[in-house]
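Engineer: Take this structure first; my questions come after.
Readers should treat all values here as calculations from the given coordinates under stated rules, not as data from a laboratory. It should be emphasised that the depicted structure is a prediction, and the values quoted were computed from it without experimental measurement. Note: ideal-geometry Cβ built from the backbone for every residue, glycine included; neighbour counts use all protein chains shown.
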Amino acid sequence: MQAEIIAVGTEILLGQIVNTNTTFISQQLAQLGINTYYQTVVGDNEERMLSVIEIAAQRNDLVILSGGLGPTPDDLTKQTVAKYLGVDLVEDATAMAKIETYFQTTGKKMTANNRLQALYLAGGQALANETGMAVGCYYENAQGADFLLLPGPPSELKPMMAKVAKPLLAHRVKGAQVLTSRVLRFFGIGESLLAEKLADLLKNSQNPTAATYAKDNEVTLRLTASGQSDQEVTKLLDQAEIDIQTQVGQYFYGYGDDNSLAQVVVQKLKAAGLKITAAESLTGGQFQAAITSVPGSSEVFDGGFVTYAQAAKASLLDIPSQVLDQHGVVSQQCAQWMAQQAKKKAGADIGLSFTGVAGPDSLEEQPAGTVWIGLAFKDQAPVAKKYHFPKQRAFVQERCVYTGLWLVLQALLATENS
């Protein structure tokens, strides 16, 4: 089966809201083995909606529309689809009762247009809205493409799609192939170099297919496999991942679309029963913010230090003045002292430090982008490494945070494997 997703809403075209619904629907369809080759956005205009509906119905087996099921004049989806199909709209008694009960309970006045939310395509199946009032609809069309109408608010669309529409579609495509994706995440390697190292694998593999996606500080690789069963697909993905890890495993850190490097580090720290702290100069607390953005980070982080000025490094961390005077703050010695002293004062197992020149101006005759990151790991002697990130200030700071997380992760992995 092949589907097209049409997101309805002028506010999407104007950039006033982000179209996250299409992403979610696509993911749900992929799990059912339903191909999605086209995605469309159209404004709240009947003429243009009819045009895109006609095109979508001609080239697909299923047309999914999200948005435009509400009671306002610009909510035109179900009326327009009904006009295209030549069918009437009928009222779902259960939905209408829910709407009436809501207004009775809240004491609000129910206007006539609220009844529109209970209407669906005659001959179709009304889909209950768990978190809202506008019903969805699945219309199985013997004369052409089927239609699935979903509400626009994500809080309404997601449960309706996952709990109501998806089982209907699964029954419709029973026997179709299983399609599953696996996302691998990498740090410390650019998209072009990753693609080069995996060139033969990517070129010769038709199932799974692989696609790389570059972000500011990492690269993701999405593997997508198809087969007759979950077991067959898992086997294909596992073998492809083994081949990939053999080539670029040293840059790999985790899985999934949402599993950040900070989350992986916090998970590893929890598993190891270790606590971390940091002393930050040029990053101004951004590393600590990344750690504490992860739920449950209080198990591994009690607090840290922001020592932006030289005087703060001396007073808060007790770094000897002769070290700072002799070597400067942009130095290996300063980074090592910061990491070690932060670890000691916070009573942590791991201390990390960031000192350098975020820019745009130079400091201590060091150009912008010059950075020292120090690491005091458990009972090991503190170490520090020099980096140069030749971009704007915000990138330098962000890159420092990612690099610090990566250094901690590598130290944790080395402990696991020792």
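Engineer: Going through the stretch 60-124, which trypsin sites (Lys or Arg not before Pro) have at most 13 other Cβ atoms within 10 Å and a DSSP loop state?
Structural biologist: For trypsin sites (Lys or Arg not before Pro) across the stretch 60-124 that sit outside H, G, I, E and B with at most 13 neighbouring Cβ atoms in 10 Å, the list reads K108, K109.
Engineer: Sticking with this one: Past 27 Å, Cα to Cα, is the threshold; run K98/K163; K108/K166; K203/K386 against it and keep the listed order. Display every interim value, and only then the final one.
Structural biologist: Numbers: K98/K163 19 Å; K108/K166 34 Å; K203/K386 37 Å.
From K98/K163; K108/K166; K203/K386, over 27 Å: K108/K166; K203/K386.
Engineer: With a sphere of radius 15 Å drawn around the Cβ of Q117, what net charge do the other residues whose Cβ falls strictly inside it have (Lys, Arg +1; Asp, Glu -1)?
Structural biologist: -3
Engineer: Where both partners of a DSSP beta bridge lie in the chain, what percent of those bridges are antiparallel, to the nearest 5?
Structural biologist: Restricted to the chain, the bridges split so that about 65 percent are antiparallel.
Engineer: OK, next. Using only Cα atoms, find the angle between the long axis of helix 20-31 and the longest principal axis of the chain, and express it within 0 to 90 degrees, rounded to the nearest 10.
Structural biologist: 80
Engineer: What 222 nm value per residue comes from the helices of the chain, counting each DSSP H run with n ≥ 4 as -39,500 (n - 2.57) and dividing by all residues, nearest 500 deg cm²/dmol? Write out the running numbers ahead of the final one.
Structural biologist: On the way: 16 runs with 172 residues, N = 418.
So the calculated ellipticity at 222 nm is -12500 deg cm²/dmol.
Engineer: Note down the net charge around G132, summing +1 for each Lys or Arg and -1 for each Asp or Glu among other residues with Cβ under 14 Å from its Cβ.
Structural biologist: Charge balance near G132 sits at -1.
Engineer: With point charges of +1 on the Cβ of Lys and Arg and -1 on the Cβ of Asp and Glu, referenced to the Cα centre of the chain, which listed residue (F103, L76, A290) lies farthest in the positive direction of the dipole?
Structural biologist: A290
Engineer: In degrees, nearest 10, range 0 to 90: what is the angle between the Cα axis of helix 46-59 and the longest Cα principal axis of the chain?
Structural biologist: It is inclined by approximately 90 degrees.
Engineer: Treat every Asp and Glu Cβ in the chain as -1 and every Lys and Arg Cβ as +1, leave all other atoms uncharged, and give the resulting dipole magnitude about the Cα centre to the nearest 20 debye.
Structural biologist: 700
Engineer: Note down the relative contact order for the chain as a percent, whole number, built from C-alpha pairs under 8 angstrom at least six residues apart.
Structural biologist: That works out to 10 percent.
Engineer: Right, next: Defining a contact as two alpha carbons under 8 Å apart and six or more residues distant in sequence, what relative contact order in percent does the stretch 143-225 show?
Structural biologist: 29
Engineer: Here are a few candidate values for Rg and Dmax of the Cα atoms in Å: (1) 23.6, 83; (2) 21.5, 72; (3) 27.8, 86. Which one was actually calculated from the structure I just gave you?
Structural biologist: (3)
Engineer: As an exercise, use a Förster radius of 56 Å and the Cβ-Cβ distance of L168 and D379 to find the FRET efficiency, rounded to the nearest 0.05.
Structural biologist: 0.40
Engineer: According to the square roots a ≥ b ≥ c of the eigenvalues of the Cα gyration tensor, what is the shape class of the stretch 1-149, taking rounded for a/c under 1.5, prolate for a/b larger than b/c otherwise, and oblate for the remainder?
Structural biologist: prolate
Engineer: Treating the angle as unsigned and between 0 and 90°, give the value, to the nearest 10°, between the Cα long axis of helix 393-417 and the longest Cα principal axis of the chain.
Structural biologist: 80
Engineer: Next question, about the same structure. Report the local net charge at E11: Lys and Arg +1, Asp and Glu -1, summed over other residues whose C-beta lies under 10 Å from its C-beta. Could the numbers behind the result be given before it?
Structural biologist: Values: positive: none; negative: D44, D74.
Result for the neighbourhood of E11: -2.
Engineer: Going by Cα centres, the stretch 150-190 and the stretch 2-51 are how many Å apart?
Structural biologist: Answer, in whole Å: 14.
Engineer: A follow-up question, please. If you take every DSSP beta bridge whose two residues both sit in the stretch 272-418, what share of them, in percent to the nearest 5, is antiparallel?
Structural biologist: Counting only bridges with both partners in the stretch 272-418, antiparallel ones make up about 65 percent.
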